[in-house]
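As structure tokens, the structure follows; a few thoughts come after it.
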Amino acid sequence: MPNFTWTQEPVAFGLPRNPVLIVLGLVAAFMLFSGLRTKQKDMTTFGLVMAGLTFVAYKFLPDPLEIRWYSLLFVGVFLGGYSLFNWQIRRGGGGDEVAGDFIVYGVLGVLLGARLGHVLFYDLDHALEDPAWIFKIWTGGLASHGAVIGLVLVMVLFTRRNGVPFLEGADRFAFSATLGATLVRVGNFFNSEILGRPTNSDWGVRFPLADGANAPLRYPTQLYEVALGLFVMLVLYLVDRRLKENRPRGLLISIFFMLYFAGRFVVEFYKEYQVFSPAESPLTMGQFLSIPGFLLGVYGVQWSLRTKLPAGWPRDEAEDDEDDEDLDDEDFDDEDFDDEDDDDDDDDDRRSRRLAKTKKKSRVLDEDVEDEFDSRKRTKGNEDDEDDEDEPRPAINERSASQRASGSSPSKKRAEAGASSKSAPAAKKKKKKASAKKAKKDTAAKDTRAEGS
């Protein structure tokens, strides 16, 4: 069986303390004043917490600041947990801002619960001797059972405040809790802490940073719990993939409690004793704390499958009001459309009646125009007849004069010239009048057709 020595330093890199504290202080001040200005209590509370952490860091953290792998993994816990929680809430019908609002609760629940859990369950004597040590989180000492208890308490507060059933919120958070339990154990492995018991076999890991140069082979219980977390995550994924939103409420968080704490109970047999010695108790403190979680998980699975309460994130009343307003607006728009349709029908009727009147009027106008045109035609015809009667006279006079005269006297020539001068303008005038009559007739016909159309 393989074995190896783990010599990885827990510190990833260092940063100058003062610039980091200035940035943290600015972030805390921004969140605090933004929360007060917008009256968002969550942001105000988180700003106060950030300000308190900045003060603690200023009083106790060394310079330069040591950024540990454990701290980076904790950042991954919060970011990954937020993403998984947001995915579950949005799929259940919740808003985009719900998971963001829970960040404040989650950070407080994990840090305070894990720290106080370690102090109360594992190292109370140290806390009583040095109370300031309680705030030195970077030195190690976070209990997963305490983190679970802290998350349960803040989930109760969060769901009550948002009008959400507790099991609905806990179900949505099951994936995030599993991710946190897994990554924290990776951080423990990097820190060479939460060690397993020594083993006499050839399988194990040496931790010289914790045990010194002659470090014995130990069970890598941190890696055991990493494998446990991945297994629980896989089971949750398969159940969620098969049932999705048809699952009964409370099933996911109950599966998490049942499988994770059952696994923790088994892994504790290979962990180093922390509180009780083998002579004092056959079980470790971790096993005692895992039994209630396991039993609660078993009961929760049976209860959820029996009651089969439907899962689903309740909608906010404001969102419902907005939806009602949208429906009212849609109904109002439909009424407007109906009114517009009625108006369009009325307009069509009015246009039809107007068109009928126009056509009727155009027919009357056509008759009037035709009568007027006929009267004008008759009048012009009479004028033409008169002109025709007047025009031949010079020609008759001319012919008679020519018949009476046998020669070409000056008077006869003047008479012939006068007759020619009178007949030419008359012909031009007649031609001009005929052209004018034709133009008027064409114009009248065009107007009649335009009015009829």
Take the alpha carbon gyration tensor of segment 1-98, find the square roots of its eigenvalues, order them as a ≥ b ≥ c, and report rounded if a/c is under 1.5; if not, report prolate when a/b exceeds b/c, else oblate.
oblate
Under a 5 Å amide H to amide H cut-off, with H placed in plane at 1.01 Å, what residues pair with Leu65 once short-range neighbours are removed?
Leu15, Arg17
Given segment 197-255, what whole percent of its Cα pairs are spread farther than 12 Å?
73 percent
Classified through the alpha carbon gyration tensor (a ≥ b ≥ c as square roots of its eigenvalues; rounded if a/c is under 1.5, else prolate when a/b is larger than b/c, else oblate), segment 112-208 comes out oblate
Within segment 257-307, list the GluC sites (Glu not before Pro) lying in a DSSP loop whose Cβ has at most 12 other Cβ atoms in a 10 Å radius.
Glu280
Tell me the net charge near Ala210. Cut-off is 12 Å between Cβ atoms, Ala210 excluded, with +1 for each Lys or Arg and -1 for each Asp or Glu.
-1
Return the long-range amide H neighbours of Lys271 (sequence gap of 5 or more, or a different chain), with a cut-off of under 5 Å between placed amide H atoms.
Arg197
If each of Asn18 and Phe269 carries a label point 7 Å out from its Cα toward its Cβ, how far apart are those two points in nm?
5.7 nm
So what is the diffusion coefficient of segment 140-184 in µm² per second by Stokes-Einstein at 37 °C and 0.692 mPa s, using a Kirkwood Rh over Cα pairs?
294 µm²/s
Hey, what's the Kirkwood Rh for segment 151-248 if you take every pair of different alpha carbons, in angstrom?
16.0 Å
Net charge near Ile255, counting Lys/Arg +1 and Asp/Glu -1 over other residues with Cβ under 11 Å of its Cβ?
-1
Segment 1-37 versus segment 108-123: alpha-carbon centroid distance in Å:
20 Å
In Å², what does the accessible area per residue of segment 68-141 work out to with a 1.4 Å probe?
49 Å²
Would you work out what percent of the accessible area of segment 128-203, with all protein chains in place, is carbon or sulfur (probe 1.4 Å)?
66 percent
Using a 1.4 Å probe and counting only protein heavy atoms, arrange Trp303, Trp69, Trp133 so the residue with the most accessible area comes first.
Trp69, Trp303, Trp133
Over segment 71-166 - Rg/Rh using Cα atoms and the Kirkwood inverse-distance radius
1.05
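The values are calculated or read from the model by the stated rules, or taken from the named source; none is laboratory data. Predicted model, so just to flag it, every value in this text is computed and none were measured. Because the Cβ atoms are built from the backbone with ideal geometry, glycine has one as well, and the counts that use them run over all protein chains shown. When the accessible area is computed, the model is the full protein with side chains, heavy atoms only, and any ligands, DNA or RNA have been set aside. Shrake-Rupley method; radii C 1.70, N 1.55, O 1.52, S 1.80 Å.
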